[in-house]
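Beneath this line is the structure, given in structure tokens, with notes to follow.
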Amino acid sequence: MQAAIRGERAADVPCGGCTACCTASQFVHIGPDETDTLAHIPVELLFPAPRLPAGHVVLGYDERGHCPMLVDNKCSIYDHRPRTCRTYDCRVFAATGVEVDHAHDLIAQQVRRWKFAFPTATDQADHDAVRSAARYLDERVAPTASESMTPTQRAVRAVETHAGFLACD
């Protein structure tokens, strides 16, 4: 999960045919460096990304809240999908304990199915630290900053900063 967040590789999520994230009325960010992706999406489906430099775009969703690239319940550009899709991992919510908002009930259903094993004490400590970081973001970060973060941003921030919450022996 950390490598995917850092952009070092795609997430390795066993989706098993799940398309909850593709049907959750989410905008998908596409960076200007994603030329292969951009070549496979009709330009009329792309919009300038708010608060980002020129060249950054978002792919919207259709009237049902589905990604327009989802055809017959499958990604029609899977091999060329955006980096955002390649790195999205709904397990981040289960790992951090961050609740998915009600607008994303299908994702929340999938999140509830994830269970984790902790074969070593280090694995358990890492998980506890991620949870502690998420609680810190929810409880102690200034409410205005916390409220402006989406659940995804809070969960990702908890994973990024969890090392600071590891218990010292």
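No lab work stands behind these numbers, since they all come straight from the coordinates. What you see is a predicted model; the values in this text were computed from it and never measured. Here the Cβ positions follow ideal geometry from the backbone for every residue, glycine too, while neighbour counts run over all protein chains shown.
Applying Stokes-Einstein at 25 °C and 0.890 mPa s to the Kirkwood radius of the stretch 15-88, computed over alpha-carbon pairs, gives a translational diffusion coefficient of 196 µm² s⁻¹.
Computed over the alpha-carbon pairs of the stretch 5-51, the distance histogram in 10 Å steps reads 18, 43, 38, 2 percent, short to long. From least to most packed, judged by other beta carbons within 10 angstrom and beginning with the fewest, K115, K74 follow the order K115, K74.
What net charge is computed for the residues neighbouring A129, neighbours being all others with C-beta under 12 Å from the C-beta of A129, Lys and Arg scored +1, Asp and Glu -1?
-2
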